[in-house]
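Inspection log for the structure reproduced underneath, given as structure tokens.
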Amino acid sequence: MKHVIRMITAAALAVGSVSGMAAASPPDTTTGTVWLCKPGMALDPCDQDADGRPGARPGLARYPDGSRAALSVTTVGHSDLDDETGTASALPGVDCFYVYPTVDLVPNPVAGDRPQPRAEELAVLLAQVGPLLGRCRMFAPLYRQDTVPQLAQHVDTGSDGYAGPGFADVLAAWDDYWAHDNVAPGGGRRGVILLGHSQGSVALEQLIRDRVDGRPDTTAQLVSAVLLGGKVQVPDDRPTGGGADPDSTFQYLPLCGASAPVPAGCVIAYSAYAAGHEPGSKSLAWSAASGHRIACVDPAALRHAADPAARTPLDTVMPTRNLLQGTDIAPAGHLTVVLHDYRVPSTPTGFTRYPGVLTATCRYGPGSDGSAAWLEIGGDLDAVLGTSGDTQLGLHVADYSVALGDLAAVLDRQSATWLARR
């Protein structure tokens, strides 16, 4: 892990931020939260009005400098998998609350205490959850996250990571959202999908423990919690901690299980690793807690109500050079540092879909001093990702992409389940 983070940090310091300090759209600061995306906000980068309808130019997101990026999808090849990536509602019935992963190379802000929107933060949002913009109202707070170099320092010194104010920013943004925005037409509450990755998932794990788990009023509004590349830990023999298990991340929220219809109000979590590259004791997939393991839920198995032990075809959706505003020198554009080991498709749309090329299954590997649990990705990785994933981070930066079509389909069904029981 040290080697990987040092390598990313060196690349970051060498090339700098590809997007630089882009001119920012004015953040909505009426309640203290600084939002990357918020429905109805002036110049909302996700281009949604207050009800979640697309703006005057549907299918286009807005970067902080005012430039646009298409959210359309090109499908490569043919598959029996239905294309559900483009399914959208004119008036989304649920909300999304998204917390982005570690992408800042320098602190945001460099000075002061109010972060400003940057192109790399919007780029990673679009890459990971862009296809969901027609399915939910997208709330995405900016937060003062630990930067890539800061995380490298934590690894080198053995100090605790995530010691800065970022998680408090996320918690305050949730309280803001819950108090002012989670209001359904005609009164009552709206359903909400929590979405996070890496540092963003860890922030949401804390938020769920503090504001959701064991609280019937908020749990009832939870459509799903998608916490990828984090450290969700569960008992070996039951789906939740049961109320008094200090080694379980959550005490009452269960993992999602394959059934029909797909259940709502549960957790989808995994870290992706390539077949043949089993994660070790310093990986995100490792748990040292006796009787516990890191959570693994295969979204493709959920989608198809398949045996969780079976290998299922994935609906992979990759961000393109067009979406990320790449160039010949830096095809991954604003995410050049993050995606430096990956091939970025050059199709003219925002995403390229590869249905059925990759496969997945949850794997478990016990060790003498702990265990690993991960989503093993098989198939032609070179054709889709352009990388072998042979590091302790595995396919971490592609955790969303490898199964994004499956996640979109599952979240559609969970939203329908939640709306039907209102």
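Under 8 Å for C-alpha pairs, at least 6 residues apart: give me the relative contact order for the chain, rounded to a whole percent. Here the relative contact order equals 18 percent. Electrostatic bookkeeping for residue 320 treats Lys and Arg as +1 and Asp and Glu as -1; over the other residues with beta carbon under 13 Å from its beta carbon, the sum is +3.
Tell me the net charge near residue 273. Cut-off is 12 Å between Cβ atoms, residue 273 excluded, with +1 for each Lys or Arg and -1 for each Asp or Glu. Mind showing how you got there, number by number?
Details: positive: 363; negative: 278, 376, 390, 399.
Local net charge: -3.
Among 312, 320, 218, the residue with the largest mean-square fluctuation in a Gaussian network model of the chain, with springs joining Cα atoms closer than 10 Å, is 218.
Carbon and sulfur: what percent of the chain's accessible surface (1.4 Å probe)? The computed percentage sits at 54.
Calculated mean residue ellipticity, 222 nm, the chain: -7000 deg cm²/dmol, from DSSP H runs (n ≥ 4) at -39500 (n - 2.57) each, averaged per residue and rounded to 500.
Once you sort the root eigenvalues of the Cα gyration tensor of region 343-422 as a ≥ b ≥ c, which label holds: rounded (a/c under 1.5), prolate (a/b larger than b/c) or oblate (the other case)?
Working: a/c = 2.64, a/b = 1.13, b/c = 2.34.
Judged from the Cα gyration tensor, region 343-422 comes out oblate (a/c at least 1.5, b/c at or above a/b).
Protein heavy-atom accessible surface, 1.4 Å probe, per residue over region 207-363: 37 Å².
Electrostatic bookkeeping for residue 227 treats Lys and Arg as +1 and Asp and Glu as -1; over the other residues with beta carbon under 14 Å from its beta carbon, the sum is -1. Close amide H partners of residue 184, meaning residues 5 or more places away or on another chain with modelled amide H under 5 Å apart, are 189, 190.
Is the chain best put as rounded, prolate or oblate by its Cα gyration tensor, with a ≥ b ≥ c the root eigenvalues, rounded for a/c under 1.5, and otherwise prolate when a/b is larger than b/c, oblate when not? Rounded shape, in that the Cα axes give a/c under 1.5.
DSSP beta bridges confined to the chain are antiparallel in about 50 percent of cases.
The values are calculated or read from the model by the stated rules, or taken from the named source; none is laboratory data. In this text, all values refer to a predicted model and were calculated from it rather than measured experimentally. As a convention, Cβ positions derive from the backbone with ideal geometry for all residues, glycine included, and neighbour counts pool all protein chains shown. To get the accessible areas, we keep the full protein, side chains included, count just its heavy atoms, and leave off ligands, DNA and RNA. Shrake-Rupley method; radii C 1.70, N 1.55, O 1.52, S 1.80 Å.
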